[in-house]
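Here the structure comes first, spelled out in C-alpha cells, and everything after it is commentary.
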Amino acid sequence: MEDKKIIIAIDGHSSTGKSTVAKQLAKALGYVYVDTGAMYRAITLHAMRKAIIGPLHFEKDKLEGVLPEINIRFEVNPKTGVAEVLLNDKNVEREIRTLEVSKYVSKIAAISSVRKKLVEQQNEMGKDKGIVMDGRDIGTVVFPNAELKLFMTATAKDRAERRYLELKERGEEVTYEDVLKNVVNRDHIDSTRKDSPLRKASDAIKIDNSNLTLQDQFEQILVLAKNAIKNA
C-alpha cells in the first residue's frame with residue numbers, strides 16, 4: 001500500500017539551513033519543496049527595483065498598490081532538479097539571495113497584505129499534501145495541522161558564519177560583521193512583528209543544529225519524517 005502523503009512544515013530563524021534540509025527531504029521522499037522565504041524575497045526584489053524600499057525610505061502604500069502586478073511561481077531547473085523562483089516569469093533565483101535583499105526582506109514580510117497574498121498561494125500549493133514547506137510561520141499559520149512540524153535554530157554567530165561563507169562563495173563583497181548584524185536584525189523583526197511573528201509551534205520538534213553536520217541533521221530529520229508518514 002502506498003504511503004499516505006503528509007505536510008512537513010519547517011520553521012526557524014534565518015540562516016539555519018531550513019531550505020537545504022527541506023530540499024534534501026523533499027527529494028528523498030519524492031515530495032514537492034516550496035521555499036516560502038524565496039517568495040518574500042521575490043516581492044522584496046520587486047520593491048527594490050521599483051524604488052519602493054531603500055536605505056532611507058519604505059513606501060508601504062506604494063508596495064500594496066503594486067502587489068496585484070506581482071506573479072510568483074516555481075519552476076524546476078532541469079540541470080539541478082531543484083525548484084527555482086520566477087518573478088513575473090523571469091528567473092530571479094540568484095538576485096534574491098544577495099545580502100542587499102536580506103536587509104529588507106523582514107520589513108517586507110511584516111506587511112499584512114503581503115503575508116495574506118502569499119499565505120493564500122501557499123495554502124493552495126499544499127492542498128494535495130506531499131509537500132515540504134519552510135519559512136517563518138508555516139507550522140503556526142499556513143499549515144497549523146501539518147503532520148510534522150520542525151523548528152530549526154542555532155546561535156546567531158554560527159548562522160552568520162554559514163551565511164558569510166555562502167555569500168563569499170557566490171562572489172559577494174561582504175564582511176562577517178555586516179552579515180552578523182543582518183542576522184540579529186532579522187531575528188528581531190521576525191520575532192516582534194504583529195502579523196504572524198516567528199515562534200515555535202507548541203507541537204513542533206526543535207532542532208538546534210549549532211553542532212550538527214548537514215548529514216547528521218538530514219538523517220535525524222528523515223527518521224522523524226518517515227515516522228510521521230508511518231503514523232499518519
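The values are calculated or read from the model by the stated rules, or taken from the named source; none is laboratory data. Given the structure is predicted, the values throughout are model-derived calculations rather than measurements. Neighbour counts run over all protein chains shown; Cβ positions are idealised from the backbone, glycine included. Just so you know, the surface numbers come from the protein's heavy atoms only, side chains and all, with ligands and any DNA or RNA stripped out. Shrake-Rupley method; radii C 1.70, N 1.55, O 1.52, S 1.80 Å.
List of remarks:
- Residue in the stretch 136-151 that is over 17 Å from the mean Cα position of the chain (by Cα), open to solvent by 70 Å² or more (accessible area, probe 1.4 Å) and at pLDDT below 95 present: no
- Of all the numbered requirements in (1) free of Cβ contacts under 8 Å to residues at least 60 places away in the same chain; (2) surrounded by 15 or more Cβ atoms within 10 Å (Cβ to Cβ), Gly171 misses one, and that requirement is (2).
- Boolean, Leu198 is in contact with a strand residue (DSSP E or B) (Cβ under 9 Å, 6 or more places away or on another chain), open to solvent by less than 40 Å² (accessible area, probe 1.4 Å), of a type outside the set (Asp, Glu) and part of a loop (DSSP other than H, G, I, E, B): yes
- Leading residue by the ranking (surrounded by the fewest Cβ atoms within 10 Å (Cβ to Cβ)) among those in the stretch 201-212 that are in contact with a Ser or Thr (Cβ under 6 Å, 6 or more places away or on another chain) and part of a loop (DSSP other than H, G, I, E, B): Ser210
- Val114, sole failed condition from (1) over 18 Å from Gln217 (Cβ atoms); (2) modelled with pLDDT of 95 or more; (3) not in a helix (DSSP H, G or I): (3)
Conditions (1) free of Cβ contacts under 8 Å to residues at least 12 places away in the same chain; (2) among the acidic types (Asp, Glu); (3) under 22 Å from Ile221 (Cβ atoms), marked per residue:
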residue: Arg136; (1), (2), (3): no, no, yes
residue: Lys149; (1), (2), (3): no, no, yes
residue: Thr175; (1), (2), (3): yes, no, no
residue: Asp178; (1), (2), (3): no, yes, no
residue: Arg186; (1), (2), (3): no, no, no
